[in-house]
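Data first, discussion second: the structure below is written as structure tokens.
The values are calculated or read from the model by the stated rules, or taken from the named source; none is laboratory data. Since the model is a prediction, treat every value here as computed from it, not as a measurement. Using ideal geometry, Cβ is built from the backbone for each residue, glycine included, and neighbour counts are taken over all protein chains shown.
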Amino acid sequence: MQEQLRRIQEEAAAQLAAITDKSGLDALKLKLLGKKGDLTLLRRSMGQLPAEERPKAGQMINEVVVAITAQIEEMDAKLKKIEQEKKLAREAIDVTEPRAHTPIGGVHPIALVQDQMLKVFTSMGFDVVEGPEVELDLYNFELMNIPKNHPARDAQDTFYIDENIVLRTHTSPVQARTMLTRKPPIRIVCPGRVYRADEVDATHSPVFHQMEGLVIDKDVTMADLKGTLDAFARTLFGDDMTTRFRPSFFPFTEPSAEVDLTCVNCHGKGCRVCKGTGWIEVLGAGMVNPKVLEMCGIDSKEYSGFAFGVGLERIAMLRYGITDMRALFEGDVRFLSQFRDD
């Protein structure tokens, strides 16, 4: 047995010296110390020895097992160190090597326009107020002078969650919530996403963005509304811009107007964009209907106000010459990378 142990140790030492990877080391460990390994089988054969020789034989086997185990563990540590050094060499980074610049994303044109418009209105003293997109019918319609069964509801193409909960069709509910919780004077703008059951085409989408404005104070007139919108138009599009009001109807304003803007393409000279008129329709506005004021707890004999609402997609298309609204929602990086904040 002593001769066998000596031979096993010599062979193990020679095989360890030739090993270059972890798989080879695992195979040698299994051959020597596994369930059917050389030393395991030798230990099992001790039963064939005379009883007086077994203690000495067991001691010799254990000494060889301990020695070989230590050698295997040493080799394992050595292989791990070699592998770690190879990995570090593979992953080494030359910090002096010039690299191509990583492309940096830009701001979406809708976000650009919203930020630009907010800067305009906040510079005039407006507060920015937001509200929920899933809204109660009360705020979305009834407090805006659009009671149930009112014909104006048909024009809204509303997404109903149930009879009394809708996806808001405009940001006007934010105005209602503000009038119910604040005392005049009130001067706010309400940006946000709105929803209507429109078919998708170059100028319509079931999801789009609005910014509405509301001013409530004593002695507010249509002239104040005109001056505010003229200042907005000139700041956003240039000093030669102006607005034109045309009579219209909205349940929540009286009188109401469709507001045209000097054509941003031809600056009023007439072109294919404005169909030769020199004007482009951009938003709706008007004096807040006294019924809306009264329903929101504001004395319409003491206070008056104006409101307006503009689609952000409409402004973005005019500002950046975009001809198809769908491009704003498709996420094409080639398209979006063209825009920057001026």
**Item:** Any pair with Cβ under 9 angstrom, 6 or more apart, that starts in the stretch 82-97 at a residue that is closer than 27 Å to K22 by Cα and assigned by TED's automatic domain parsing to the domain that holds T20 and ends at one that is surrounded by 10 or more Cβ atoms within 10 Å (Cβ to Cβ) and of a type in the set (A, V, I, L, M, F, W, C)
**Value:** none
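So which helices (runs of 4 or more DSSP H) are wholly in the stretch 1-75 and hold at least 3 residues that are buried (at least 17 other Cβ atoms within 10 Å of the Cβ), outside the structural domain of K86 (by TED's automatic domain parsing) and modelled with pLDDT under 80?
On the way: elements: 2-18, 22-33, 38-44.
So the answer is none; nothing clears 3.
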**Prompt:** Counting only residues that are β-branched (V, I, T) and within 21 Å of the chain's Cα centre (by Cα), which one in the stretch 110-127 is surrounded by the fewest Cβ atoms within 10 Å (Cβ to Cβ)?
**Reply:** I110
**Request:** Check off (1) touching a strand residue (DSSP E or B) at 6+ places or on another chain (Cβ under 6 Å); (2) of a type in the set (F, W, Y); (3) surrounded by 15 or more Cβ atoms within 10 Å (Cβ to Cβ) for F339 and give me the number that stays unchecked.
**Result:** (1)
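Condition first: modelled with pLDDT under 95 and part of a strand (DSSP E or B). Can you find one or more residues in the stretch 264-275 that meet it?
Applying the first criterion (modelled with pLDDT under 95) to the stretch 264-275 yields 264-275.
Next cut, part of a strand (DSSP E or B) only: none.
So far as the stretch 264-275 goes, no, none of its residues is modelled with pLDDT under 95 and part of a strand (DSSP E or B).
To keep it simple, each residue is scored yes or no on (1) surrounded by fewer than 18 Cβ atoms within 10 Å (Cβ to Cβ); (2) over 30 Å from I146 (Cβ atoms).
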{"position": "R244", "(1), (2)": "yes, no"}
{"position": "P247", "(1), (2)": "yes, no"}
{"position": "G276", "(1), (2)": "yes, yes"}
{"position": "A285", "(1), (2)": "no, no"}
**Asked** Mind checking which residues of the stretch 221-277 are among the polar types (S, T, N, Q), over 17 Å from G305 (Cα atoms) and out of contact with any Lys or Arg (no Cβ under 9 Å at 6 or more places or on another chain)?
**Response** S248, T277
**Asked** If you scan the stretch 100-118, which residues turn out to be within 20 Å of A231 (Cβ to Cβ) and in contact with a strand residue (DSSP E or B) (Cβ under 9 Å, 6 or more places away or on another chain)?
**Response** V113, Q114, M117, L118
**Asked** Which residues, taken from the stretch 126-141, are farther than 11 Å from T171 by Cβ, part of a helix (DSSP H, G or I) and not charged (D, E, K, R)?
**Response** L138
**Prompt:** Are there any pairs with C-beta distances below 8 angstrom linking a residue in the stretch 259-287 that is aromatic (F, W, Y) to a residue that is surrounded by fewer than 19 Cβ atoms within 10 Å (Cβ to Cβ), with the two at least 6 apart or on different chains, and if so which?
**Reply:** W279/R244; W279/G268
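Could you say which residue among D299, D332, D324 is in contact with a helix residue (DSSP H, G or I) (Cβ under 9 Å, 6 or more places away or on another chain), in the same structural domain as M117 (by TED's automatic domain parsing), over 25 Å from M144 (Cα atoms) and exposed (fewer than 13 other Cβ atoms within 10 Å of the Cβ)? Walk me through it before giving the result.
Working: D299 fails: over 25 Å from M144 (Cα atoms); D332 fails: in contact with a helix residue (DSSP H, G or I) (Cβ under 9 Å, 6 or more places away or on another chain).
None of the other options fit; the residue is D324.
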**Fill in**
All conditions in (1) out of contact with any Cys (no Cβ under 9 Å at 6 or more places or on another chain); (2) surrounded by 19 or more Cβ atoms within 10 Å (Cβ to Cβ); (3) of a type outside the set (K, R) are true of C263 except (1)
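In this structure, does T203 turn out to be more than 32 Å from the chain's Cα centre (by Cα) and among the hydroxyl-bearing types (S, T, Y)? First the steps, then the outcome.
Working: more than 32 Å from the chain's Cα centre (by Cα): no; among the hydroxyl-bearing types (S, T, Y): yes.
So T203 does not fit the description; no.
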